[in-house]
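For reference, the structure is listed below as C-alpha cells.
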Amino acid sequence: MAADHATVAEEEYLETLYWLFEAGLPMTGANLSRAMQLSAPTVHEMLGRLERDGYIVRDAGRSIDFTESGRDHAERIVSRHRMIERFLTDVVGVPWDDVHEEAEQLEHAMTPRFEAYVRASVGDAQTCPHGHPIRVGQRIDGVPLADCVPGAKVTILRLENEAEDLLHYLKRAGIEPGLVGEVGSNDGEHVSVKTDGGEATVTYSVAETVSVLADPSPPPRIALPEQLVLGRDRYGR
Ligand SMILES: [Zn+2]
Ligand SMILES: [Zn+2]
C-alpha cells in the first residue's frame, strides 16, 4: 500500500522518474541522479523510501518501475505542474520562461479546492506553455531539432528540458512551441530556423532538447540524459 501523502521530496523524485519515462530513458538510479544532479547515495536512499512507501519497485537489474499507485501519483503531480504553468502564463500573465520554477513551488502547496479553481480557469488547454501535455498520456512523438536537415519544414512541439536558464535562452533566440518554420542551416554547432518573423538560431546542444515535427523527418531517436540536462544545478522537466 502506498502512503497517503508523499513528501515534497518524494513527489520531486516521482516527477523526475516520470520525466525519464516520458523521454524514453531507462528508469534507473544512475539516470535519476544525472537528471536531478544529486549524488548516487542520496538517490539510493530516497529510492529505498519510495519503495517502502509503495510507489516503485526495483528489479535485480536495478531498473525501476512504478507501482500502480506510484504511477497514478506521478501522473497527477506532473499534470498539476503543467496546469499551474498554463494558469500562470494565461491567467496571471507570467512570461513562459519564468513559470517552471514558480510552478515547482506552488504545486506542493495547493489545496484541492484551489486546484479545482485553477483547473477551471485554464479550461481545455492541452499543454503547458512548453508543449507538454496536461493530460499526460497524450504526448505526440517528435524528433530533435538537432537532427533535422536544412530545408526541412518544422513545427516546434516541445521544449524537453525546462531548466530556467535554458528557457530564457530559447525565448531570447525566438524558439517556442507552435512555431512553424524551415531549417535554415545545421552545421553541427548551430541550428537555425527561418520563420516569417526572421531567423532563430540556437546551439546544436540546445537544439537536441527541442522536439519538432519535421518534413522530411529524421529517424526517431532517444536522447541521452546528458543531452537533456543542461542546467548546472537544476534539470528541467
Ligand atoms: Zn515545468
Ligand atoms: Zn512546462
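Looking at E182, is it modelled with pLDDT of 90 or more and not in a loop (DSSP other than H, G, I, E, B)?
yes
Which of (1) aliphatic (A, V, I, L, M); (2) in contact (Cβ under 8 Å) with a residue 60 or more places away in the chain; (3) more than 27 Å from E107 (Cβ to Cβ) is the odd one out, the single condition I140 does not satisfy?
(3)
Within region 185-206, restricting attention to residues that are open to solvent by 50 Å² or more (accessible area, probe 1.4 Å) and not in a loop (DSSP other than H, G, I, E, B), which residue is farthest from D97 (Cα to Cα)?
S185
So, of the residues in region 138-179 that are touching a Gly at 6+ places or on another chain (Cβ under 7 Å), open to solvent by less than 40 Å² (accessible area, probe 1.4 Å) and not in a loop (DSSP other than H, G, I, E, B), which turns out to be modelled with the lowest pLDDT?
Restricting to residues being touching a Gly at 6+ places or on another chain (Cβ under 7 Å), open to solvent by less than 40 Å² (accessible area, probe 1.4 Å) and not in a loop (DSSP other than H, G, I, E, B), the top hit is L166.
Could you go through region 117-134 and let me know if any residue there is touching a strand residue (DSSP E or B) at 6+ places or on another chain (Cβ under 7 Å), open to solvent by less than 80 Å² (accessible area, probe 1.4 Å), away from ligand 1 (no atom under 16 Å from the Cβ) and hydroxyl-bearing (S, T, Y).
Looking for residues that are touching a strand residue (DSSP E or B) at 6+ places or on another chain (Cβ under 7 Å), open to solvent by less than 80 Å² (accessible area, probe 1.4 Å), away from ligand 1 (no atom under 16 Å from the Cβ) and hydroxyl-bearing (S, T, Y), one finds none in region 117-134, hence no.
If you scan region 57-71, which residues turn out to be in a strand (DSSP E or B) and hydrophobic (A, V, I, L, M, F, W, C)?
At the first step, the residues of region 57-71 found to be in a strand (DSSP E or B) are 57-58, 63-66.
Across region 57-71, the qualifying residues are V57, I64, F66.
How about region 196-227: which of its residues are out of contact with any Asp or Glu (no Cβ under 8 Å at 6 or more places or on another chain) and among the hydroxyl-bearing types (S, T, Y)?
Matches in region 196-227: T201, S205, S217.
Rundown of residues vs (1) within 10 Å of ligand 2 (Cβ to nearest atom); (2) closer than 30 Å to R49 by Cα; (3) in contact with a Lys or Arg (Cβ under 6 Å, 6 or more places away or on another chain); (4) in contact (Cβ under 8 Å) with a residue 24 or more places away in the chain, yes/no style:
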site	(1), (2), (3), (4)
E68	no, yes, no, no
R76	no, yes, no, no
E85	yes, yes, no, yes
V92	no, no, no, no
W96	yes, no, no, yes
A103	yes, yes, no, no
H108	no, yes, no, yes
R119	no, no, no, yes
D124	no, no, no, no
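Are any residues in region 30-47 open to solvent by less than 70 Å² (accessible area, probe 1.4 Å) and either outside any loop (DSSP other than H, G, I, E, B) or over 15 Å from W19 (Cβ atoms) (or both), and if so, which ones? Step through it out loud before you land on a result.
The first filter runs over region 30-47 and keeps only residues open to solvent by less than 70 Å² (accessible area, probe 1.4 Å), leaving 30-33, 35-36, 38-40, 42-43, 46-47.
Residues satisfying the conditions are A30, N31, L32, S33, A35, M36, S39, A40, T42, V43, M46, L47.
Out of all the residues in region 93-109, which are over 26 Å from V210 (Cα atoms) and more than 15 Å from ligand 1 (Cβ to nearest atom)? Let's see the steps before the verdict.
Our first condition is that a residue be over 26 Å from V210 (Cα atoms); within region 93-109, this holds for 108-109.
Selection gives A109 alone.
With respect to the numbered conditions (1) open to solvent by 80 Å² or more (accessible area, probe 1.4 Å); (2) within 11 Å of ligand 1 (Cβ to nearest atom), which one is the sole condition not fulfilled by D90?
(2)
The values are calculated or read from the model by the stated rules, or taken from the named source; none is laboratory data. It should be emphasised that the depicted structure is a prediction, and the values quoted were computed from it without experimental measurement. All Cβ positions, glycine included, derive from the backbone under ideal geometry; neighbour counts span all protein chains shown. Just the protein is used for accessible areas: all its heavy atoms, side chains included, with ligands, DNA and RNA removed. Shrake-Rupley method; radii C 1.70, N 1.55, O 1.52, S 1.80 Å.
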